[in-house]
Amino acid sequence: MSENLRVPRTCDTEAVHRSGAIQPHGTLLVVEDSLTRCRAVAANCGEWVGMEAGAVLGRSLAAFDQSAAESLLEQANAAPGGGRFRWTFRGRVFDATMARTGDGWLLELETAEGREKRQALPEAVRRLVGVEGDELFDASARVVADLSGFERVMVYRFDADWHGCVVGEHLSGEMASYRGHHFPAGDIPEPARAIYMKVPVRVIPDVAAKAVPILPESGANVDLTRSLLRSVAPVHLEYLRNMGVGASMSIPLRIDGRLWGLLACHHRQAHPVPPATREACMVIGDIVAMKIGALRELRELSGHVAATKIQSRFFDVIAREQNVFDALVKYTPQLLEFLKAGGAAIHVNGTTTLLGQTPGEAQVAGLLEWLAARDVGPVFATHELSREFPPALDFRDCASGLLALRLSRVERHFGLWFRPEVVATVTWAGPPYEKAVDEDGMHPRKSFATWKETVTGQSEPWTETEIRGAQELLNAVNALVLRRTERLVSLNAELERKNTDLNSFAYIAAHDLKEPLRSIGNYCTFLREDHAGELSVEALRKLDTIRVLQRQATELIHALNHFSSIGRVEIQRQPVRTDGLIDDLLHVLGPRLTETGTEWRRPAPLPDVDADPVLLREVFLNLLTNAIRYNDKPERWVEIGCETDEGTGQPVFYVSDNGIGIRPRHREVVFSIFRRLHTQDAFGGGTGAGLAITKTIVEKHGGRIWIESTYGEGTTFHFTLS
Amino acid sequence: MNPPTVLVIEDLDSDFEMLARRLAKESARIGVTRLRSHEEALGWLASAEPRPSLIVLDLLLPDGDGVEILEALKGDTRTHGIPLIVWSGSVDPAVPAACQRQGADAFIRKDTDGPGTEEGFDSMITHWVHRLRNDYG
């Protein structure tokens, strides 16, 4: 492979693992599985083993050194996945590494010198033991720098989008600092990251060193993924040179199967890294990864605890609220704090409640529309809303960040939390969007000078803990809605039972209570018939009072029974000629009108309606009876008519009088069963059930009844039938 | 000719006494027989006792439904032709019609809904007693 080989146009597809060459700081033998035959060999093997490639190719190692071949076999059997060991071949001692490749082995030989560096490892590990939190980054960079001698050691962390940031650093000499600098994702492309998941270290001791080809030519097909010596892609060498780097070492930090970041080491000049040093740094890498992983787990755990706290606090709030969603609205100020949000919108049953700093109502409505149409999951979080929903640019100041909870799978209920825009300055190591592509392919960027970018339209990102807290909240809402539903079902069952009880009571009242009452009446009659002569006038008057009270009690029972039966009856709607119905009633009420001298008014014909004729008749009868009854004026009138509701177009009937009127505070009470506002005797009696029955009938028709009245001047009852 | 007799099937004493007084007012000659329950009524129907001129039947008896007695009386050839008045406290508007379908000759509500009903009750009794007089002389 030559330096002017065309490199693929995009780094991400570059076959970096089949470079067909190695770096010259060691040599490579590719042997068959049985270890009997050398299939490929690096062109520099003569310098290392004292035999030219041509002499080794196709031969068995045993032909050169029987015991060395045997020890290799032993090593392969002992560590079937490969490993590192001290190997003597033809009198020369090597630091050897065996690794699997396809159906053979990569045998890489390096210098056995520098083993004394291992002595420094225990001390290095001890230096990291007590270090916690973000201090770990600088501390581990320093430890690796001390072990390896690299001038710049960085802890490089990948973001979710694979761009990276230097979170820890140790410098010596004149090295420039990249602390806090961001690097675009393309700087460590996907194939490179994939290799970092497989190999524990990558060393380039000399950027200027010429790559050594693997022979024969078909050596280019050898999979060098697990090779330590694999040559460096020209584009990467160019990258390092542009950066002013003469040697590098990268140790992947892998946590839970994901590449968390790298320990990235740079040196301005070439910098040999003996295998023992490399090994010691790898151990540090493992420890750092473990510590970061443990720290993360701890954070997740405390995040989970915090999320659970949200849930239990919410349960406390809900316990005092009738409605789950009302409770959510009530709990929102606390949620704002927990979710570090600037504002919230709770949208339930078509109503939006806004709290804190939020977009306008119309803007929230548009956002809800988009969320509903987009069919986002139960929890949707973004810290750059305008990227997904461009209209959000208009309100990015208060809502660049959005955390949305879909509160119901069926209804359009949402809880939205907003985060304000945070105009941030991101420090890039060179302009991140510069791409240098010419006819040769792609070239790495040239400049790594600090390049400041102002980022707008973004909020602080939502953390895992916050998103999980929101999820817990949603679980709580769902659980509570479910519990409410279950309670509603049982309440309904109870209500049904109570209705049955009420019906039984009405039945008992109608039959069993009536008998003794009737007997009281009968005995009053017998007493009068048999003993009238013996009783004083006063006693007879009292006897008559008993008789009157007995009749009233009987009437009340009748009214109660009637009221309860109206409540149970199914309405039978049919077209009703309202005018005809009123004519009939006038016939019945005629004597009363005449008797009381009440003028009758019907200014216009009444519209026909769809209603239960029997029940509608009762409504009019009750209202007219009251209108005639509760009047103390010398000139009395009653008017019946109909208006049209401007909103619904529905007829609104009214019955008006110039009677005694109803005080505002009594306007609801009059509809209660057995609530008379007057004594039984005043205004000619009445049980007090009439208006309760009227209201029940109107409501059974889906209508509404209400009162307008001026006390002392008159009353108008209005009602609708749908 | 035997004096007319009225059979009253009624469990409540005061109601029975009320009725008995009305009948006595009309004529001291009217004989009144009283049965108190469903069971007594069916026992009487099965017996060979002399048949009355008029039957007054209460529907709500302690041990059963008066409508069954009505059915039995109207289904029996020996009693089927005897005028029968149902005298009930029921306010269910369907009951009078049901009784009439079963062959009852009249339905009188026991309740005194207001002034005038007692008079209505009396006139009903008078009407039937006069019919009895006409029939029996």
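Bear in mind that the values in this text are calculations on the coordinates, not laboratory data. This is a predicted model, so every value here is computed, not measured. Glycine gets a Cβ as well: all are built from the backbone with ideal geometry, and neighbour counts include every protein chain shown.
In square nanometres and to one decimal, what's the mean projected area of the convex hull around the Cα atoms of the protein assembly as shown?
The Cα convex hull of the protein assembly as shown, projected and averaged over all directions, gives 64.2 nm².
Apply the a/c threshold of 1.5 to the C-alpha gyration tensor of chain B and tell me whether it is rounded, prolate or oblate.
rounded
Given contacts defined as C-alpha pairs under 8 Å and at least six residues apart, what's the relative contact order of the range A:268-390, whole-number percent?
Across the range A:268-390, relative contact order equals 10 percent.
Taking R0 as 41 Å, what FRET efficiency do you get between A:I546 and A:Q650 from their Cβ-Cβ distance, rounded to the nearest 0.05?
Efficiency for this residue pair is about 0.25.
Taking the Cα-to-Cβ direction at A:A62 and at A:F526 and moving 7 Å from each Cα, how far apart do the two end points lie in nm?
13.2 nm
Which GluC sites (Glu not before Pro) does the range A:8-114 hold that lie in a coil by DSSP with at most 15 other beta carbons within 10 Å?
Here the sparse-neighbourhood loop sites are A:E52, A:E113.
Just subtract the alpha-carbon distance of A:D134 and A:T425 from 0.36 nm times their residue separation and send over the number in nm, one decimal.
102.6 nm
Could you line up A:T694, A:T450 from fewest to most neighbouring Cβ atoms inside 10 Å?
A:T450, A:T694
Test of the criteria: in the range A:137-217, which chymotrypsin sites (Phe, Trp or Tyr not before Pro) are in a DSSP loop and have at most 16 other Cβ atoms within 10 angstrom of their Cβ?
A:W162
Calculate for chain A the 222 nm mean residue ellipticity that helices alone would give, adding -39,500 (n - 2.57) per DSSP H run of length 4 or more and normalising by residue count, nearest 500 deg cm²/dmol.
For chain A, the value works out to -13500 deg cm²/dmol.
When the expected Rg is taken as 2.2 N^0.38 Å, what fraction or multiple of it is the alpha-carbon Rg of the range A:23-114?
0.96
What number, in percent, do you get for the relative contact order of chain B if the mean sequence gap of Cα pairs under 8 Å and at least 6 apart is divided by its residue count?
25 percent
Which helices pass in chain A if a helix is a full DSSP H run, must span at least 30 angstrom along its long axis by Cα, and must have mean Kyte-Doolittle hydropathy not below 0.0?
A:275-319
log10 I(q)/I(0), Debye, Cα-only the range A:108-208, no solvent, q = 0.14, 0.17 Å⁻¹?
At q = 0.14, 0.17 Å⁻¹ the computed log10 ratios are -0.70, -1.02.
Expressed as a rounded percentage, what relative contact order does the range A:234-322 have, with Cα pairs under 8 Å and six or more residues apart?
Relative contact order for the range A:234-322 comes out at 23 percent.
Indicate the gyration tensor shape class of the range A:341-385 (rounded, prolate or oblate), computed on the Cα atoms with a ≥ b ≥ c the square roots of the eigenvalues: a/c under 1.5 is rounded; otherwise a/b larger than b/c is prolate and the rest oblate.
Judged from the Cα gyration tensor, the range A:341-385 comes out oblate (a/c at least 1.5, b/c at or above a/b).
If you add up the charges near A:K340, with Lys and Arg at +1 and Asp and Glu at -1, over every other residue whose beta carbon is less than 11 angstrom from its beta carbon, what do you get?
-2
What does the net charge come to around A:D375 if you take all other residues with beta carbon closer than 15 Å to its beta carbon, with K and R at +1 and D and E at -1?
Charge balance near A:D375 sits at +1.
Residues with beta-carbon under 14 Å from that of A:P651, excluding A:P651: net charge, scoring Lys, Arg +1 and Asp, Glu -1?
That sum, taken over residues with Cβ under 14 Å, equals -4.
Using 0.36 nm times the number of residues separating A:V669 and A:D33, minus their current alpha carbon distance, what extension gain do you get?
Extending this stretch completely gives an extra 219.1 nm.
Can you list residues whose amide H is under 5 Å from A:G343's amide H, if they're 5+ apart or on another chain and H is modeled 1.01 Å from N?
A:Q357, A:F418
Taking the Cβ of each residue in A:C45, A:C524, A:C165 as the centre, tally the other Cβ atoms inside 10 Å and list the residues starting with the fewest.
In increasing order of surrounding Cβ atoms, one gets A:C524, A:C165, A:C45.
Could you quote the convex hull projected area for the range B:36-95, Cα atoms only and averaged over all directions, in nm²?
4.2 nm²
Collect residues whose amide H, placed 1.01 Å from N in the peptide plane, falls under 5 Å from the amide H of A:F89; neighbours closer than 5 in sequence don't count.
Close amide H contacts, sequence-distant or interchain: A:F94.
Only loop residues by DSSP count here, and only those with at most 12 other Cβ atoms within 10 Å; note down the trypsin sites (Lys or Arg not before Pro) in the range A:299-351 that meet that.
A:R320
Based on the Cβ-Cβ distance of A:V455 and A:Q269, what FRET efficiency does E = 1/(1 + (r/R0)^6) give at R0 = 60 Å, to the nearest 0.05?
Once rounded, the FRET efficiency stands at 0.95.
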